[in-house]
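The values are calculated or read from the model by the stated rules, or taken from the named source; none is laboratory data. These numbers were taken from a predicted model, which means no experiment stands behind them. Every residue, glycine as well, gets a Cβ built from its backbone with ideal geometry; the counts of neighbours run over all protein chains shown. These area figures cover heavy atoms from the full protein model, side chains too; ligands, DNA and RNA do not enter into them. Shrake-Rupley method; radii C 1.70, N 1.55, O 1.52, S 1.80 Å.
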Amino acid sequence: MNNHRILRGPLVSFLNDPGEGDTPAPGSVLHHDDGAIWIENGKIRAVADYREIASILPADIEVVDYSDKLMMPGFIDSHVHYVQLDIMASYGRQLLDWLNDYTFPEECRFAERSHAENVAEAFLDEQLRVGTTTAQVFCTSHPVSVDTFFAAAKRRGLRMLAGKVMMDRNAPDALTDTAESGLRDTQRLISDWHGKDRLGYTLTPRFAPTSTPAQLDATGGILRNAPDLHLQTHLSENQGEIDWVAELFPDCTDYLEVYERYDLVGPRSTFAHGIHLTQPMRNRLAAAGANIAFCPTSNLFLGSGLFDRLACRDAGLNISIASDVGGGTDLSGLATLKAAYQVGQLLGQPLTAWQGFYRLTLGNARALHLDSRIGSFREGGEADIAVLDPHATPLLSRRSERTRNLTEQLFALMMLGDDRTIYATWANGECLHQRDIA
Ligand code: GUN
Ligand code: ZN
């Protein structure tokens, strides 16, 4: 089927990191006031000014009019737990108590296929409602939680990374695997799902305290043999966690060394949080080409601390941006940027809208090595698109009317926007979400 269409309207996409300045670095932004994205069979055939391309379009091509909207590449969430959707907003705990009191009991439910199916569908509906078309997703230790998630993502044609949690100690029996069964199940899941359609497998040891050295070693072995796999885990989120790691791994001089020792720190490794790091630790992560997932709503909600984004930048360390739901309070990339701005303000390093939207799109795609496929509008790229509505609510509309340029408009969207701001979400060239036009 030769499925052609044009989406016409204002568009913004990044060609490069815009830097930290108030205005984007020269050549880093692609912007058209009256743009056209020509979609063919799920891919972007051309991106241009509409008037430049109009004369060569097939006469009968469908044109979807987004003339009062703003098109951006679909948003990317580099670290999120789909299985924690229903425990978002659970009151009053910091990390380790929150895991024991809310998270582990909830994750036990995912032994049941019907529950996993129900939550996977609800999670993907919510992702699309907030313009997120790709995420790197924690499942639970139950293989069925991964099968159901990938099956749901495949049916929708989404590009998704996910994996089975590996944890063989310090968690309820119903959630623990063993080094052997974790390895076996992971290998089966990789062979069933990795590289199928738009799906990729992420090795997922939960964090150092819940894996034995034998399990971490087995995980490193898989990664050494299959370097195209991703890996994600948690690192230096909370002081209690850090103290516990020091007790469990007394031979390691710091938390990061645990992961280094087992060859888990590489260019496709994402470490969620990384709040409490020394500069030498940041340098080591940077040298390995790894990325830290900055999860601002989670860091505020769990009281974990303020992430020093510029210290990471100084070290040349890749940063991605993530919701970390259910520790995070919002799946929305816009809400995540708002919290990142607020955390930055407290550290004297406010996040510009340019830098924020770059991270949410091309920056995250680069951090996850997916930028040859997603994260920007370019010929041959996959057609994943978030259509934002600067007039989504009366208040946002008033504020949008007052903005004088795109810089101000983008900032107003990131501070005042929410799920209502996402007018439509396209993935793989199909419209998968259309906000009620009430
Ligand atoms: N550390 C280990 N597990 C988790 C989790 O589920 N959420 C967060 N935020 N941190 C973790
Ligand atoms: Zn997490």
Exercise. With respect to Leu256, determine if the residue is in contact (Cβ under 8 Å) with a residue 24 or more places away in the chain, in a loop (DSSP other than H, G, I, E, B) and either within 16 Å of ligand 2 (Cβ to nearest atom) or among the aliphatic types (A, V, I, L, M) (or both).
Key: no
Quiz item: more than 26 Å from Tyr201 (Cβ to Cβ), open to solvent by 30 Å² or more (accessible area, probe 1.4 Å) and within 16 Å of ligand 2 (Cβ to nearest atom), is that true of Gly303?
Solution: yes
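Residues checked against (1) within 30 Å of Phe294 (Cβ to Cβ); (2) touching a residue at least 60 places away in the same chain (Cβ under 8 Å); (3) of a type in the set (Gly, Ala, Ser):
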site	(1), (2), (3)
Arg8	no, no, no
Ser13	yes, yes, yes
Gly21	yes, yes, yes
Pro24	yes, yes, no
Asp33	no, no, no
Ile44	yes, yes, no
Asp68	no, yes, no
Gly74	yes, yes, yes
Leu85	yes, yes, no
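Which of the following residues is more than 16 Å from ligand 1 (Cβ to nearest atom) and open to solvent by less than 10 Å² (accessible area, probe 1.4 Å): Leu334, Leu346?
Leu334
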Quiz prompt | Subset of region 259-277 [closer than 13 Å to Leu216 by Cα, within 15 Å of ligand 1 (Cβ to nearest atom) and either assigned to a loop (DSSP other than H, G, I, E, B) or more than 22 Å from the chain's Cα centre (by Cα) (or both)] | solution = Leu264
Quiz item: Which condition does Asn238 not pass, out of (1) away from ligand 2 (no atom under 16 Å from the Cβ); (2) surrounded by fewer than 23 Cβ atoms within 10 Å (Cβ to Cβ), if it passes all the others?
Solution: (1)
Quiz item: Which pairs have Cβ atoms under 8 Å, sit 6 or more apart or on different chains, and link a residue in region 99-117 that is closer than 14 Å to Cys139 by Cα to one that is open to solvent by 60 Å² or more (accessible area, probe 1.4 Å)?
Solution: Glu106/Asp86; Cys108/Ala174; Ala111/Ala174; His115/Arg109
Quiz prompt | Residue ID - modelled with the lowest pLDDT, chosen from residues in region 216-229 that are more than 22 Å from Leu175 (Cβ to Cβ) and either open to solvent by 30 Å² or more (accessible area, probe 1.4 Å) or within 16 Å of ligand 2 (Cβ to nearest atom) (or both) | solution = Pro227
Self-check item: Among the candidates Gly240, Gly220, residue that is within 16 Å of ligand 1 (Cβ to nearest atom), more than 16 Å from Asn318 (Cβ to Cβ) and among the small types (Gly, Ala, Ser)
Solution: Gly240
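Condition check ((1) within 16 Å of ligand 2 (Cβ to nearest atom); (2) of a type outside the set (Val, Ile, Thr); (3) assigned to a helix (DSSP H, G or I); (4) in contact with a helix residue (DSSP H, G or I) (Cβ under 8 Å, 6 or more places away or on another chain)) across all residues:
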position	(1), (2), (3), (4)
Ser145	yes, yes, yes, yes
Leu161	yes, yes, no, no
Leu183	no, yes, yes, yes
Arg188	no, yes, yes, yes
Ala214	no, yes, yes, yes
Quiz prompt | One residue from Asp197, Asp168 being among the acidic types (Asp, Glu), under 23 Å from the mean Cα position of the chain (by Cα) and either farther than 30 Å from Ala335 by Cβ or not in a helix (DSSP H, G or I) (or both) | solution = Asp197
Quiz item: Which numbered condition trips up Leu331, out of (1) aliphatic (A, V, I, L, M); (2) under 24 Å from Ala288 (Cα atoms); (3) touching a Lys or Arg at 6+ places or on another chain (Cβ under 9 Å)?
Solution: (2)
Self-check item: Pairs with Cβ under 6 Å, 6+ apart, first in region 192-209 and farther than 30 Å from Trp244 by Cα, second of a type in the set (D, E, K, R)
Solution: Asp197/Lys154; Arg198/Arg159
Practice problem: Name every residue in region 261-294 that is in contact with a Gly (Cβ under 6 Å, 6 or more places away or on another chain) and within 14 Å of ligand 2 (Cβ to nearest atom), in order of residue number. | Solution: Ile275, Ile292
